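The values are calculated or read from the model by the stated rules, or taken from the named source; none is laboratory data. None of the values given here were measured: they were computed from a predicted structure. Here the Cβ positions follow ideal geometry from the backbone for every residue, glycine too, while neighbour counts run over all protein chains shown. For accessibility, only protein heavy atoms count, side chains too; no ligands or nucleic acids. Shrake-Rupley method; radii C 1.70, N 1.55, O 1.52, S 1.80 Å.
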Amino acid sequence: AIYHLGNDHRYHAGMLEVARAHPGIIVFHDFALQDFFLGLAQARGRVEIYLEEVLACHGKRATRAAAEALERGSAPPHLALPLEFPLNCRLAREAEGIIVHSEWARARFATFAPSVPVAHINMPIKPMTVNEPTRTANSTVQIANFGLITPGKGIQRALRALASLKADHDFHYTLVGETNSFFDVHSLVREYDM
């Protein structure tokens, strides 16, 4: 069996259950699964789904911090650190094989799931050949992030960097995707005066 797993529980929750019952090859389209497990826990009204994954992947201390934040009605602190707390190790260790789309992800999975074969297979797309248009002094550079708006996409870092450039550069930064309740992107946009 080959399972395609991404970071949005609405599309991938069924695969989680089947992959645990019938291990196979998992294609991790996203390295970090924080949003997947927290979103699934919220959708099902069972916070233990998230906390059990934190415990399995990152231990008691991280689980305690997450539980305390959730009890206060706050986002777990780990949500802002998806590369340090990716919540992917249990799935990776239970898989028969792993496929990822970058060498960066392959190296990380190989480190914490050393007994599981990991392959880096590029996305099956061909880059378009584009003739670079002639830029004029009035050209606006278009920049965008696509997909579920989550901390793991580097949006806060992009906003911070772009905020420092906005006085001298003409650009338009667009976020295309659905927001979620545990990442307040609107307050970040206001904070960086974007």
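Table for the structure above
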| read-out | value |
| --- | --- |
| Complete set of residues in region 103-141 that are open to solvent by less than 80 Å² (accessible area, probe 1.4 Å), in contact with a His (Cβ under 9 Å, 6 or more places away or on another chain) and modelled with pLDDT under 90 | Thr140, Val141 |
| Any chance Ala92 is modelled with pLDDT under 95, surrounded by 14 or more Cβ atoms within 10 Å (Cβ to Cβ) and either under 22 Å from Lys153 (Cα atoms) or in contact with a Pro (Cβ under 7 Å, 6 or more places away or on another chain) (or both) | no |
| Leading residue by the ranking (modelled with the lowest pLDDT) among those in region 163-194 that are open to solvent by 80 Å² or more (accessible area, probe 1.4 Å) and among the small types (Gly, Ala, Ser) | Ser181 |
| Qualifying residue in region 103-114 (condition: of a type outside the set (Lys, Arg) and more than 24 Å from Gly154 (Cα to Cα)) | yes |
| Of all residues making up region 86-118, the number that are in a strand (DSSP E or B) and among the acidic types (Asp, Glu) | 0 |
| Test result for Ile49, in contact with a strand residue (DSSP E or B) (Cβ under 6 Å, 6 or more places away or on another chain), open to solvent by less than 70 Å² (accessible area, probe 1.4 Å) and over 24 Å from Ile155 (Cα atoms) | no |
| Flag if Ile25 is more than 19 Å from the chain's Cα centre (by Cα) and either on the phi < 0 side of the Ramachandran plot or surrounded by 16 or more Cβ atoms within 10 Å (Cβ to Cβ) (or both) | yes |
| Members of region 135-188 that are acidic (Asp, Glu) and over 19 Å from the mean Cα position of the chain (by Cα) | Asp168, Asp170 |
| Hits in region 49-76 - residues which are among the charged types (D, E, K, R) and in a helix (DSSP H, G or I) | Glu52, Glu53, Lys60, Arg61, Arg64, Glu68, Glu71 |
| Tally of residues being closer than 19 Å to Pro82 by Cα, β-branched (Val, Ile, Thr) and not in a helix (DSSP H, G or I) across region 151-194 | 1 |
| Among the residues listed as Leu55, Leu79, the single one being closer than 25 Å to Ile26 by Cα, at pLDDT 95 or above, of a type in the set (A, V, I, L, M) and surrounded by 12 or more Cβ atoms within 10 Å (Cβ to Cβ) | Leu55 |
| Residue in region 146-157 that is of a type in the set (D, E, K, R), at pLDDT below 85 and in contact with a strand residue (DSSP E or B) (Cβ under 9 Å, 6 or more places away or on another chain) present | yes |
| Every pair of residues 6+ apart whose Cβ atoms lie under 7 Å, when the first sits in region 161-175 and is within 18 Å of Asn145 (Cα to Cα) while the second is open to solvent by 90 Å² or more (accessible area, probe 1.4 Å) | Ala163/Asp193; His172/Gln142 |
